[in-house]
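Written out below as structure tokens is the structure these notes cover.
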Amino acid sequence: MYPNLYYVFKDWFGVEWKGLSILNTFGLMVAVSFIAAALVVTSELKRKEKLGLLTPREEMITVGKPASLMELLINGLIGFIFGFKILGLIFSRPADMNPQDYIFSSQGNILGGLLLGGLLAGMKWYDKNKQKLKEPERRNVRIWPHDRVGDIVVLALVFGILGAKLFDNLENWDEFVKDPISRLFSASGLTFYGGLIVAAVAICWYAAKRGIKLIHLVDAAAPALMIAYAIGRIGCQVAGDGDWGIYNSAYSIDSKGKSVIAQNDDYQRVLKADSTYFLNGEAFDSAGRLVNVSDRRHASLADVAHKSFKGPSFLPNWLFAYAYPKNVNKDGVLITGDTDEHNRVLPIPVFPTPLYETIVCGLMFFFLWAIRKRVKTPGMIFGIYLILNGLERFVVEKIRVNTTYNIFGIHPTQAEMISFLLFIAGLTLIIIQRRRSAQAD
């Protein structure tokens, strides 16, 4: 596992550059997923513009004005926040605080914030001053939908995080009520579907305000959403952020945390040996000191969810059971002799569901990309995306660890309910659009 780039360079190149620990691998993969999505959306919007499906919008802008006080303040504030946190991570972070907790804390480097804030404000003033005219002019400019991808990405990022936090706290309401401030500002706890729904609402509102035909925008976004999700799940797998499956009792782990075929009594033996971890979410070292507290607690050992599935011998064990050594959540029991900050491993390997979703969603992306030019009916590609996304997530939820609800004796997870609704929405959209297309012909 590589919770941050420090562990990547240590494992690959044998160097220990502590400064790299501020670069979280999950965050980097999320950034890559947004870049990939932006490239795909831009490409598809340009294609639709050439086909005449999307048109530009004329807007009046004023050029030649000096930087306003508000522009300088906004740039200064953004610079201050980044300098306060980023330079704080490098020069001011306490040794016993991980980068994620530091980012969401009130701590930072004030001098760094003032320096970067002043720099960005000065750059804004300089840029505007170069373009300043004696008399500012009003000009009519033509803006194409693909020119607005930057705005769309920012909206997706901001409202995606807000939605992911909102839905995660709804899913874990009891924990939220106990400590709302900690839950709201913690670095962990994000629900994909929450981010998808809230970001989608914000982007649809933006598209309507800018005169972008929504039906063509969502078709362009469908393959982008699929590849972004596949790449994001790589981050979950590499960092070990807790989005894994239930225990696979057909396997156990060796002294190095690698998955091996379990003997007859291995599962029950580990349950009893690490009962404190399974029941209370606590793990202790050999000296009896508390080393980890997990939010995965069970009322009894019989309630620990697991399935026994042994994969074909010609495939690697980690494809079916992985213990996530050195995971970013510091979840599990202590790895003997390991003194790194991230030195825990799950006592029983689990199904690596992020890996499954990366593979499946990657294939689904290529499928959507392959058929996008053949499908002529507007909305069909997005409908297919909703169906595929709903099916994939509904199936994988069967072996994932998640909070369940009691609805008339049925115990679905939040993701199962949403994925079912997405499937129905996709099917409905396809039926409606096919009928409209038939009537138009």
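Put the Cα centre of the range 398-412 next to the Cα centre of the range 306-376 and the gap is 22 Å. Listed by Cβ neighbour count within 10 Å, with the fewest neighbours leading, Phe408, Phe26 appear as Phe408, Phe26.
Pairs exceeding a 31 Å alpha-carbon distance, out of Lys18/Lys256; Lys124/Lys326; Lys18/Lys272: Lys124/Lys326; Lys18/Lys272. Listed by Cβ neighbour count within 10 Å, with the fewest neighbours leading, Met226, Met70, Met1, Met123 appear as Met70, Met123, Met1, Met226.
Can you put Arg400, Arg435 in order of Cβ neighbours within 10 angstrom, beginning with the fewest? Don't skip to the end; give the middle numbers.
Values: Arg400 21, Arg435 10.
The fewest-first ordering by Cβ neighbours comes to Arg435, Arg400.
With a Förster radius of 56 Å applied to the C-beta separation of Glu49 and Ala302, the computed FRET efficiency comes to 0.40.
Average 1/r across all pairs of distinct alpha carbons in the range 1-87, invert it, and you get the Kirkwood radius: 17.7 Å. Lys134: which lysines have alpha carbons under 18 Å from its alpha carbon, excluding same-chain residues fewer than 8 sequence positions away? Of all the lysines, those that pass the test against Lys134 - Cα under 18 Å, at least 8 places apart if same chain - are Lys65.
Largest first, the extents of the alpha carbon coordinates of the chain on the three principal axes equal 80, 64, 44 Å. Over the C-alpha trace of the range 247-351, radius of gyration and Dmax come out as 13.2, 41 angstrom.
By the gyration tensor of its Cα atoms, with a ≥ b ≥ c the square roots of the eigenvalues, what is the shape of the range 62-142: rounded for a/c under 1.5, prolate for a/b over b/c, or oblate? Display every interim value, and only then the final one.
Values: a/c = 4.57, a/b = 3.09, b/c = 1.48.
Prolate, since a/c reaches 1.5 and a/b exceeds b/c.
Compactness of the range 1-153, taken as the C-alpha radius of gyration over 2.2 N^0.38 Å, stands at 1.42.
Relative to its residue count, the range 107-255 spans a Cα convex hull of 237 Å³ per residue.
Every number in this text was worked out from the coordinates using simple rules, so none of it is lab data. Here the structure is a predicted model, which is why all the values come from computation and not from measurement. So basically every Cβ, Gly included, is an ideal-geometry build from the backbone, and we count neighbours across all protein chains shown.
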